[in-house]
Structures are given as structure tokens and as C-alpha cells.
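Undergrad: Here it is, the structure, as C-alpha cells.
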Amino acid sequence: MPSVKVRKLKYYGHIMRLEGDNLEKDIIIGAVSGSRSSGRPRRCWVQYVEDWLKMTINDAAKLTGESNIWRKEVHRATYLSMMDDLHHFYC
């Protein structure tokens, strides 16, 4: 599972660093208009990023501008997640 998180977080950082209007960025941050069907709302990218990084999406977006800091934050988030998974497995 950590490799999926790493890829998604790296992709999020890549998209957020792009300049100007961008459809991919609009989709990730949920700025696309329209409606959904009834039922339980699906989780979106933003919610996963917030959960994995343990910070608000605005703070995460600010970090994406600094590649070195972003890379360390992605590593920290996936390492903590892996340690948490091991703790639940053995306890």
C-alpha cells in the first residue's frame, strides 16, 4: 500500500506545481461542476491527501512549491503509515 500512496502524493505534488489554469488541477481539488448520484459520498483526492499527510490541503498545496520539502513530507507520510500498519498488525 505505501507505493500507491507515494505515487498518488507525488502526482498530487506534480499537478499542484503546474502554472495557470489546468483541468487536472481542477479535478483534483474538486472544482468541476456537476452533480453526483445519491448515496454515500465518495472520498476525493483531497481527503486522502489530508489524511495521509495529517495537514490541511492548503498547507499541503504550499509545500508542493518546494520540491525538496515535498519529497521529505511524502517520505514521512508513507513511513508513518507503514509503521502504523505494522503496529496494528502486531498489537
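The values are calculated or read from the model by the stated rules, or taken from the named source; none is laboratory data. All figures in this text were calculated on a predicted structure; none of them were measured in a lab. Reconstructed Cβ throughout: ideal geometry from the backbone, glycine too, with neighbour counts over all protein chains shown.
Undergrad: Restricting to region 26-61, give me the number of residues that are loosely packed, with under 14 Cβ neighbours inside 10 Å and at pLDDT 85 or above.
TA: Number satisfying all stated conditions: 6.
Undergrad: Where residues in region 1-20 are hydroxyl-bearing (Ser, Thr, Tyr) and free of Cβ contacts under 8 Å to residues at least 24 places away in the same chain, which of them is surrounded by the fewest Cβ atoms within 10 Å (Cβ to Cβ)?
TA: If we take residues in region 1-20 being hydroxyl-bearing (Ser, Thr, Tyr) and free of Cβ contacts under 8 Å to residues at least 24 places away in the same chain, then Ser3 is surrounded by the fewest Cβ atoms within 10 Å (Cβ to Cβ).
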